[in-house]
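The values are calculated or read from the model by the stated rules, or taken from the named source; none is laboratory data. Here the structure is a predicted model, which is why all the values come from computation and not from measurement. Positions of Cβ are backbone-derived with ideal geometry, glycine not excepted, and every protein chain shown enters the neighbour counts. Please note that ligands, DNA and RNA were not included when accessible areas were found on the heavy atoms of the full protein model with its side chains. Shrake-Rupley method; radii C 1.70, N 1.55, O 1.52, S 1.80 Å.
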Amino acid sequence: MNIWFSNFELIQQTNSTADETMSKKILITGGAGFVGSSLALELKANYPNYEIICLDNLKRKGSELNVSRLTKVGISYVHGDIRNKEDFDALPDVDFVIEASAEPSVLAGLNGGTPDYLMNTNLFGTVNCLNYAVRSNAAFIFLSTSRIYPIKNIETLNFEEQDTRFALSDSQGLPGVSSKGIAEDFPLNGARSLYGTTKLASELIIQEYNEFYGLKTLVNRCGVLTGPWQMGKVDQGVMVLWIAKHYFEKKLSFIGYGGSGKQTRDMLHVKDLYRLIDWQLHNIDEVNGDTYNVGGGVEVSTSLQELTKICQEVTGKTIPIDKVLENRPADIKLYVTDNSKVTAKTGWKPEISIRTIVEEITEWLKENEEDLKPILS
């Protein structure tokens, strides 16, 4: 067994033992969304005496299903919107803020709509969360995105076109990238989508609050997150969408890159993310001010073509898949996270495989078919 993994598990066990007699107050924004609710439920299961508050405006279709899941285990749900600073006034002071709220669509503001909601949520909303953290003297963990890296920089990387996927080459003309994936020192000059820009702008503001307000902060640049209870759409949550379309026997399309289905992403199960957040919560002084790339890495990556084959095997269903030759705006052929920095610091690395993720999501669809069919089919 890798010694880092052993140390990580030992620290987690120590945290759990130490916190049996201690209590923390934690606010999770976007707390009824996929990531926020998943983190809240895992925290409550592992630390029953923690007071957890989930703030959410329930804009995302399906998030209303999570409210009862939260409240029945003793998690407080507050209907509110991070865009409104007044919504923070009634909240108690807390020890930690986990900022998991977002308009997560890469296409937001690029498909004919205005970017107002995106900007007000992902940028000005983050400022409201930071001001609340300062008021509470709370540590601040921010869930950012791999989409802060510029599109052209990624699209012009050296890659290999393999039988079923695109893969990064070791020989590259830019720093911060290798066959292991993209690292934190990858160049940031260039356009990246309005979604990615608002998240990067928030990262920069967080640095200022860390420096000049003395706020303890941490940024996790997450790759594609997935798992049960994600309400997947074409522009966000593609893995759940792909599995659900197979399960409900609907059509799909390979969009862009000649309709090859070779676009490749790493996938991170939300429970793997939780294990890292758990460590960070209980070792915040060791990672204060840091920024980490956090994703599935090469080991937990898949192309659409490969994912289709696994979906067919797990669901037992084969569906028609169209080919759209033209690329969508802001799309990229591949993204894989280099987790070297976060693994070296914490010992964390993802554990849950692509096939296991597909199996878990398929089982979730079976168990909740009546509720999920109107949303995901």
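General remarks:
- Test: residue in the range 241-254 that is of a type in the set (Lys, Arg), farther than 20 Å from Arg328 by Cβ and in contact with a Lys or Arg (Cβ under 9 Å, 6 or more places away or on another chain): no
Conditions tested, residue by residue: (1) in contact with a strand residue (DSSP E or B) (Cβ under 8 Å, 6 or more places away or on another chain); (2) outside any loop (DSSP other than H, G, I, E, B); (3) open to solvent by 10 Å² or more (accessible area, probe 1.4 Å).
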residue	(1), (2), (3)
Leu27	yes, yes, no
Gly31	yes, no, no
Gly36	yes, yes, no
Glu42	no, yes, yes
Ala45	no, yes, yes
Asn49	no, no, yes
Cys54	yes, yes, no
Lys61	no, no, yes
Ser68	no, yes, yes
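- Of the residues making up the range 75-93, just one is open to solvent by less than 50 Å² (accessible area, probe 1.4 Å), free of Cβ contacts under 8 Å to residues at least 60 places away in the same chain and more than 28 Å from Gly232 (Cβ to Cβ), namely Phe88.
- Residue list for the range 94-124, restricted to those being open to solvent by 10 Å² or more (accessible area, probe 1.4 Å), in a loop (DSSP other than H, G, I, E, B) and in contact with a helix residue (DSSP H, G or I) (Cβ under 9 Å, 6 or more places away or on another chain): Asp95, Ala100, Ser101, Ala102, Glu103, Pro104, Val106, Leu107, Ala108, Gly109, Leu110, Pro115
- Meets criteria (surrounded by fewer than 23 Cβ atoms within 10 Å (Cβ to Cβ) and within 21 Å of Val219 (Cα to Cα)) for Ile151: yes
- Val134 modelled with pLDDT of 95 or more and crowded, with 19+ Cβ neighbours inside 10 Å: no
- Qualifying residue in the range 305-322 (condition: under 19 Å from the mean Cα position of the chain (by Cα) and either surrounded by fewer than 20 Cβ atoms within 10 Å (Cβ to Cβ) or among the charged types (D, E, K, R) (or both)): no
- Check on Thr29, of a type in the set (Ser, Thr, Tyr), at pLDDT below 90 and more than 20 Å from Trp364 (Cβ to Cβ): no
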